[in-house]
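The values are calculated or read from the model by the stated rules, or taken from the named source; none is laboratory data. This is a predicted model, so every value here is computed, not measured. Please note: Cβ atoms are built from the backbone with ideal geometry, for glycine as well, and neighbour counts cover all protein chains shown. Accessible surface is based on the protein model in full, side chains and every heavy atom, while ligands, DNA and RNA are left aside. Shrake-Rupley method; radii C 1.70, N 1.55, O 1.52, S 1.80 Å.
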Amino acid sequence: MNLNLLTAHELSESLRSAKITSAHILSDLKDRFDKVEPKVRAYARQPFFKKSSSRNSVDAQLNGIPVSIKDNICSDGDLTECASRILSGFVAPYDATVVKKLKEQGALIFGKTNMDEFAFGSSCENSSFYPTRNPWDLERVPGGSSGGSAAAVAADEAILALGSDTGGSIRQPAALCGVVGLKPTYGRVSRYGLIAFASSLDQIGPMTKDVRDNALLLKVIAGHDKNDATSVDIPVPDYVRSLEKGVRGMRVGIPKEYFVEGMDPEVRQALNDAKAKLESFGVQFGEVSLPHTEYAVAVYYIIATAEASSNLARFDGVQYGFRASHKSVEKEPALISMYKQTRAEGFGQEAKRRIILGTYVLSSGYYDAYYSRALKVRALIKEDFDKVLGEFDLILTPTSPSPAFKIGEKTDDPLSMYLSDIYTISVNLAGLPALSMPCGFTKSGLPIGMQILGKPFAEEDIFRLAFAYEQNTLWHKMKPKL
Amino acid sequence: MEYEPVIGLEVHVQLKTKTKAFCGCANEFGSKENSNICPVCLGLPGSLPVLNSQVLVSAAKVALALNGTIRNFIKFDRKNYFYPDLPKNFQISQFDMPLSEHGYMDIKVDGQAKRIAIKRVHLEEDAGKLIHPEGTACSLVDFNRAGTPLLEIVSEPDLHSPEDAYVYLSDLKLALQYIGVSDCDMEKGSLRCDANISVRPVGQIKLGTKAELKNMNSFKAVRTALEFEFKRQVKSLEAGERIVQETRLWDEKKEATFSMRSKEEAHDYRYFPEPDLPPFTFTDADIKGIRKSLPELPKERLGRFVASFGFGEKDAAVLISDKELADFFEACLKIYNEPKKIANWLIGPVLSHLKSNLSFEALHLSPENLTKIISLVEDGTVSNLAGKSILAEVVETGKPPDTIVREKNLGQVSDVDELKKIIEEVAAVNMRSVDDYAAGKENALMFLVGQVMRKSGGKANPKIARDLLAERLKKT
Amino acid sequence: MAISKEEVKYIANLARLGLAEAEVEHFREQLGSILGYIDKLKKVDVSKIIPMAHVLDIKNVYRQDTVLPSIDPQKVLQNAPSREGQFFKVPKVIE
């Protein structure tokens, strides 16, 4: 059997009993990479096929397991370019906290995955390298922005992967590629070393072949970090151990606002089937209301772009990355020309669009009308969830209103692209944990994802439900034909 | 028409913490360029700030010392602008909710008491440093200073003369040094001052158009720049011109201010709450605790020195004008309880030695050896003059005063027989003065005492010499 | 909501983003339509709501004032587009 097809928990067992070695895994991954990567293009650049664990200990939780990480997570000595020209050649001089934790648990940083530039996008088309393709249909997008991580896992050219999620960037590509992706509670995983898009929304999370791997990977990367003031100092539970606790009596809300116009009928059907299945395990469902849902996308695009415009100001050609060979423009100091031309040539269209929008909403005279108002509506959106989660353990929704769309279909219509994040965005605004997992396929063979939302820091509950469902379905065993 | 200046000062003070505001890099001056740096203070992609706990405490101390209110809820904001010394192209600062407001400082200028209101005190991070090598088309950036904690102290336009400004700055600096939160060294840039100045006819309430003055490198420069700018603005107004709102740079060599030629952009800093830093809270108990931890401030010390030691305000002011000096005084007092005598020595001979080098340590001067010198003089072991030369020797070599007395044979001659011998010699060669005294000329005695002192090489105990002489002259 | 080309240029200058004339017009249109969509927030009554800058209710996260080792300057300078000795080098800043 090709080891690249296995999950981390399966491989760990074989590694522990010395049936296989880490080098075998890498070599099988290489064969797979050579075969499918030219079609899928999930990686930002060539992975490291020869690597050994810095730690070799049996009790290390991911000893010898290769992990693929998104190109916006810093790993010491490795290129980390956020799929952007402006960061071309940037060798991170330090490890992100998640990378440090992975290395401490014996994992190998295998390679960096492709993404929408600076995580701006839902399709992986906004990469300065090349678009990544959906392994289930190479004409379609893998979703984004963590499309590379999702596609690499789906195409079995990765064992485990990390993505980052600001408005759905882990969950939407997970849904579109048929893998399991979790956005942890804001503050659960350190953001130190994650190249920021929107600081108040970003979280790093695991993208895996099944729920057990997801729980395993979260356990390794979660926890308080003294380098991230927004990471929370509460104990990390053993997510793996609590997977099998069962779901009888769990109460799950279905928000009525999520099942309206624009939802693909096949997605709706898949959700209803999943609900019926879960009911048969003793899960109790009830309709709930999240009345401010319709404002989430607007709030998100104000807050996320405002923060991004500030976070991305540092990319100016002074310390690192790309600097344009600037020509002096009349009456403009050379330094200003250097800034403007570097940023003009270094950023792609979507990055520019968001920088402009974010700068606009913060600019003199507009702060109250846009940013301050958005922070207020954000409070209302969070209140909606607090109310519902006071009565229900979890919330079940689709992850994306439709399955993977065609490459190029939405590139000229940013607003319709933004609206495709409608089910995932509120979760980031409210800081909640949410997981996407496969719950079916369309007739044309595209994966459909469902999203399970939980209370803050109640990832355990999410995993329990997800695991119960996965144990009784075979969606996660389906493999794309490549 | 008579005009008056209206002046407000914006002072930036670096806080003297061990580490920078948001990372663990050493907060020190004078290291090799780009050596006290890390991903956080370089603003590298992915890095995040975490506030140094000491920074808030130091800042709160200053705010309380300046009689300001302290907020119970503290947040930071991002101030967005592009500059190559600003690694993230935004500065972590405080915008709409400064740490402290409504403070004031009481100053005394030419005997007149004035209360200067302090509008706000807020925390921010310092930028790096730019170097502009001459004759090249480039600038060089050093980020060692980036991320140093900085306190901005903004006064209301309550200062009405360059001298007011000078006194305010000096008193502010003194208060900060007493609290021990900053070196306040303008040369090293740990204290920087910009000034807003406008003029108006005396009696007018409406403010004139202000100019912002930058680039002053000492308190004296602030004063001279304000003097120059006051005259310039008055002259313009008298010539029927209008004052332009602008930033002007002080040129130390030309002793004049010059308009910054590059056109300034309208400021649009796009402030918003710093998402990477959760807020901070001060309970009333916290604030009380910090207030309690405040050391005695210059004004309080001045009052105490006047009340407890009976000093004149002028002498007391000299003693407290340097914290080290005042501390030294009090340390001496513990060993030798003669406040006035110690004060006289400190204000007189000691200060003249300190002038060039304001550190007792560098002068090898300890409370022990200074009080020793004073007591040697007071108990008559050495003369006052000899005492001063011992002090000079201590400052030079650091030798103990006793040793110096022995080595230089500075001990006073109090031995009656020995003195009588000298007196006889002096009397023998100054017969005329002896006669004058006999004729009732009291002055002659003083002259003869002087001669005895001279003959003894300054070592004769003047009091005993005088008594013996008077006795001897009676005989004739 | 319509915004003018001048506004786009003003914003682009604040963001130090060089834009070609065609891009200015392109972004003007797109920005207008996105802002039009965002305008729906005006419908929400927020008169009694406090802006939520942080989703987590955490406060007072500090670091001790203890010196930690700095990074090797060479590790950082190797990424510099232009340097001189141990300095980063930029076009002359006009003071």
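Observations on the model:
- Residue in the range A:173-185 that is out of contact with any strand residue (DSSP E or B) (no Cβ under 6 Å at 6 or more places or on another chain), under 30 Å from B:Asp77 (Cα atoms) and touching a residue at least 60 places away in the same chain (Cβ under 8 Å) present: yes
- Residue pairs meeting the criteria (Cβ under 9 Å; at least 6 apart or on separate chains; first within 12 Å of B:Cys193 (Cα to Cα), in the range B:162-175; second acidic (Asp, Glu)): B:Tyr168/B:Asp158
- Residues within the range A:249-274 that are modelled with pLDDT of 95 or more, part of a loop (DSSP other than H, G, I, E, B) and open to solvent by less than 30 Å² (accessible area, probe 1.4 Å), tallied: 1
- Check on A:Glu279, modelled with pLDDT under 95 and open to solvent by 60 Å² or more (accessible area, probe 1.4 Å): no
Condition check ((1) part of a strand (DSSP E or B); (2) under 22 Å from the mean Cα position of the chain (by Cα)) across all residues:
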{"site": "A:Asn4", "(1), (2)": "no, yes"}
{"site": "A:Glu10", "(1), (2)": "no, no"}
{"site": "A:Glu13", "(1), (2)": "no, no"}
{"site": "A:Asp28", "(1), (2)": "no, no"}
{"site": "A:Asp34", "(1), (2)": "no, no"}
{"site": "A:Lys51", "(1), (2)": "no, no"}
{"site": "A:Ile69", "(1), (2)": "yes, yes"}
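- Single unsatisfied condition, A:Lys103 versus (1) open to solvent by less than 10 Å² (accessible area, probe 1.4 Å); (2) in a helix (DSSP H, G or I): (1)
- Filtered residues of the range A:53-85 (kept if open to solvent by 10 Å² or more (accessible area, probe 1.4 Å) and away from chain C (no Cβ under 14 Å)): A:Ser53, A:Ser54, A:Arg55, A:Asn56, A:Ser57, A:Val58, A:Asp59, A:Gln61, A:Asn63
- Among the candidates A:Glu307, A:Glu294, A:Glu287, residue that is within 14 Å of chain C (Cβ to nearest Cβ), farther than 26 Å from A:Leu446 by Cβ and open to solvent by 60 Å² or more (accessible area, probe 1.4 Å): A:Glu294
- Just one of the listed residues (B:Glu152, B:Glu125) is more than 22 Å from the chain's Cα centre (by Cα) and either open to solvent by 10 Å² or more (accessible area, probe 1.4 Å) or hydrophobic (A, V, I, L, M, F, W, C) (or both), and it is B:Glu125.
- Check on B:Asp96, open to solvent by 30 Å² or more (accessible area, probe 1.4 Å), among the charged types (D, E, K, R) and more than 23 Å from the chain's Cα centre (by Cα): yes
- For first residues located in the range A:339-368 and within 13 Å of A:Phe322 (Cβ to Cβ), partners that are open to solvent by 10 Å² or more (accessible area, probe 1.4 Å) and aliphatic (A, V, I, L, M) and lie 6+ apart or on another chain with Cβ distances below 9 Å form the pairs A:Gln341/A:Val329; A:Ala344/C:Leu19; A:Ala344/C:Ala20.
- Leading residue by the ranking (farthest from the other protein chains (Cβ to nearest Cβ)) among those in the range A:86-99 that are in contact (Cβ under 8 Å) with a residue 24 or more places away in the chain and surrounded by fewer than 20 Cβ atoms within 10 Å (Cβ to Cβ): A:Ser88
- The condition (being basic (Lys, Arg) and either assigned by TED's automatic domain parsing to the domain that holds B:Ser352 or not in a helix (DSSP H, G or I) (or both)) is satisfied by just one residue among B:Lys463, B:Lys399, B:Lys420: B:Lys399.
- So B:Glu324, is it out of contact with any strand residue (DSSP E or B) (no Cβ under 7 Å at 6 or more places or on another chain) and either assigned to a helix (DSSP H, G or I) or surrounded by 20 or more Cβ atoms within 10 Å (Cβ to Cβ) (or both): yes
- Taken together, A:Lys352, A:Lys410, A:Lys340, A:Lys406 contain a single residue that is charged (D, E, K, R), under 30 Å from A:Tyr258 (Cβ atoms) and either open to solvent by less than 10 Å² (accessible area, probe 1.4 Å) or modelled with pLDDT of 95 or more (or both), which is A:Lys406.
- Candidates A:Ser242, A:Ser190, filtered to the one that is at pLDDT below 95 and touching an Asp or Glu at 6+ places or on another chain (Cβ under 6 Å): A:Ser242
- Residue check, B:Gln14 of a type in the set (S, T, N, Q), at pLDDT 95 or above and surrounded by fewer than 23 Cβ atoms within 10 Å (Cβ to Cβ): no
- Elements of type helices (runs of 4 or more DSSP H) contained in chain C, each with 1 or more residues being more than 14 Å from chain B (Cβ to nearest Cβ): C:5-14, C:21-38
- Considering each residue of the range A:235-248 in turn, at least one proves to be part of a helix (DSSP H, G or I) and open to solvent by less than 40 Å² (accessible area, probe 1.4 Å).
- Within the range B:356-391, tally of residues that are among the aliphatic types (A, V, I, L, M) and open to solvent by 40 Å² or more (accessible area, probe 1.4 Å): 3
- Single residue of the range A:358-383 satisfying the filter (over 24 Å from A:Val318 (Cα atoms), within 23 Å of the chain's Cα centre (by Cα) and buried (at least 20 other Cβ atoms within 10 Å of the Cβ)) that is nearest to the other protein chains (Cβ to nearest Cβ): A:Arg378
- Any hit, the range A:341-353, residues being over 27 Å from the mean Cα position of the chain (by Cα), at negative phi, within 8 Å of chain C (Cβ to nearest Cβ) and not in a helix (DSSP H, G or I): no
The rows are residues; the columns are (1) surrounded by 17 or more Cβ atoms within 10 Å (Cβ to Cβ); (2) in a helix (DSSP H, G or I).
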| residue | (1), (2) |
| --- | --- |
| B:Asn217 | no, no |
| B:Phe258 | no, no |
| B:Ile290 | yes, yes |
| B:Pro295 | no, no |
| B:Ala307 | no, yes |
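- Residue tally, condition assigned to a strand (DSSP E or B) and touching a Lys or Arg at 6+ places or on another chain (Cβ under 6 Å), over the range A:196-228: 3
- Of all residues in the range B:32-54 being at the interface with chain C (Cβ under 9 Å from one of its Cβ atoms) and in contact with a helix residue (DSSP H, G or I) (Cβ under 8 Å, 6 or more places away or on another chain), the one that is most open to solvent (accessible area, probe 1.4 Å): B:Ser35
- In the set (1) touching a residue at least 60 places away in the same chain (Cβ under 8 Å); (2) open to solvent by less than 20 Å² (accessible area, probe 1.4 Å); (3) closer than 25 Å to A:Gly253 by Cβ; (4) not polar (S, T, N, Q), the condition left unmet by A:Glu391 is number (2).
- Being farther than 27 Å from A:Ser231 by Cα and either assigned to a helix (DSSP H, G or I) or at the interface with another protein chain (Cβ under 10 Å from one of its Cβ atoms) (or both) is a property that B:Leu277 lacks.
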